[in-house]
Each structure stands twice: as structure tokens, then as C-alpha cells.
Amino acid sequence: MTTKATRNTQAKTSEGPLFMAFELSEKTWKLGFTTGPGQKPRERNVTARDQERVLDEIAQAKRRLGLPETAPVVSCYEAGREGFWLHRFLEAHGITNHVVDSSAIEVSRRQRRAKSDGLDVRKLLSMLIRYHEGERQVWQVVHVPSVEAEDRRHLHRDLETLKQERGDTTRRIKGLLSSQGLRVKNLTRLPEQLDALRQWP
């Protein structure tokens with residue numbers, strides 16, 4: 001016999017979102033899925049940056065956890081080397097994603113007794129659910145810049161890096177010349193002055 005409570009639970013399960021957390025590494029990503037607290041997460045490993053496999057695992061998770069294909073998906077991953085392209089990919093497929101500041105959850109990490117990808121992804125899932133239910137203090141969500149703003153920021157950083165490298169190279173050349181008893185005031189014309197430079201006999 002199906003009780004009213006059972007029907008309400010089934011309705012909640014079918015209408016609720018699919019929660020997904022990423023544990024990212026260079027070669028492999030671990031994905032964790034659940035529909036809410038108390039449910040054992042479904043965990044899968046995929047090759048890093050395999051976008052089609054990620055979408056396929058989402059579809060499989062919905063089927064295995066009793067959700068319709070149209071169920072919304074809420075996901076998260078920690079800010080790091082992947083940057084924001086993954087966030088934009090997920091958002092483009094209708095997934096609500098949160099990029100999390102890893103330093104904001106470091107305190108919780110120190111309390112772990114063991115270190116494994118499974119623990120990481122389950123912890124992220126738990127915090128994602130709490131955040132979705134209104135606990136905004138559970139972590140800090142990173143502001144994702146527009147593609148244009150990110151390009152400008154990278155351009156500025158690249159320019160600063162080139163200036164630093166140029167300064168380092170200039171100082172090294174001057175040091176080498178000085179070690180041979182030579183001094184050149186302006187290195188911009190160094191190729192033209194090379195033939196006129198002479199070492200001390």
C-alpha cells in the first residue's frame with residue numbers, strides 16, 4: 001500500500017535537482033552524484049576534460065537515481081588549474097555551477113583523518129547541498145569573469161611576465177659583459193656594437 005508520505009517522498013525525488021561535485025586532477029576527474037542528504041553518492045571516474053563523458057555520466061546518474069531527463073543539475077568544483085572553461089561548458093548545457101574558493105574550505109579539510117578522492121567529492125557534495133539549501137557561509141563562491149575580462153587579465157599578466165623576463169635577461173647580459181671587463185650603456189644597440197667590443201688582454 002502506498003501511503004501519502006511515500007507519495008510525497010517520490011514526488012520530491014522526481015522533482016528535485018541532481019547534485020554533482022567534481023574532484024579535478026590532471027589526468028582523472030572523479031564525479032559524485034546524489035539527490036540529497038542520506039543518499040549514498042554515485043561516484044564515477046572519467047578522463048580529465050572528457051566533456052562528452054561528463055554529460056553521459058550526468059544522464060546515467062539521473063536514470064540510476066530516479067530522476068527525469070529534465071531534472072535540473074547543480075554542480076560545483078574547486079577553483080584551480082582548470083580555470084573557468086569548465087564552468088562555462090556546464091552553464092552552456094543548462095547546469096547551475098559554482099566555482100568554489102578552495103582556501104575557504106581549508107579548515108574543514110584539516111579535520112579529515114584520511115585523504116582520498118572519494119572523501120573529497122563526498123565532502124563537496126555535502127557542502128553543495130547545504131549551500132543550495134541556504135547555508136551561504138559554508139564556502140565562498142568565486143566570481144566568474146566574462147571571457148573578455150579574463151582575456152584582458154591574461155594579457156596584462158603576460159605583459160608583466162614579459163617585462164620581468166626582459167629585465168632578468170638585461171641584467172644577465174650586463175653581468176656577463178661586466179665579468180669580461182666590458183660595459184655597454186644601452187643594450188638596444190648591442191648587436192651593432194659587438195664588433196667594436198674588446199676584452200682586456
Worksheet entry | Residue list for the range 62-82, filter: touching a residue at least 24 places away in the same chain (Cβ under 8 Å) and either of a type in the set (S, T, N, Q) or under 25 Å from Val141 (Cα atoms) (or both) | Ala71, Pro72, Val73, Val74, Ser75, Cys76, Tyr77, Glu78, Ala79, Gly80, Arg81, Glu82
Fill in: In the range 79-137, the residues that are in a loop (DSSP other than H, G, I, E, B), modelled with pLDDT of 90 or more and closer than 23 Å to Ala59 by Cβ
His93, Gly94, Ile95
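The values are calculated or read from the model by the stated rules, or taken from the named source; none is laboratory data. The shown structure was predicted, so the numbers you read here are calculated from the model rather than taken from an experiment. Neighbour counts are summed over all protein chains in view; Cβ atoms, including those assigned to glycine, are modelled from backbone coordinates with ideal geometry.
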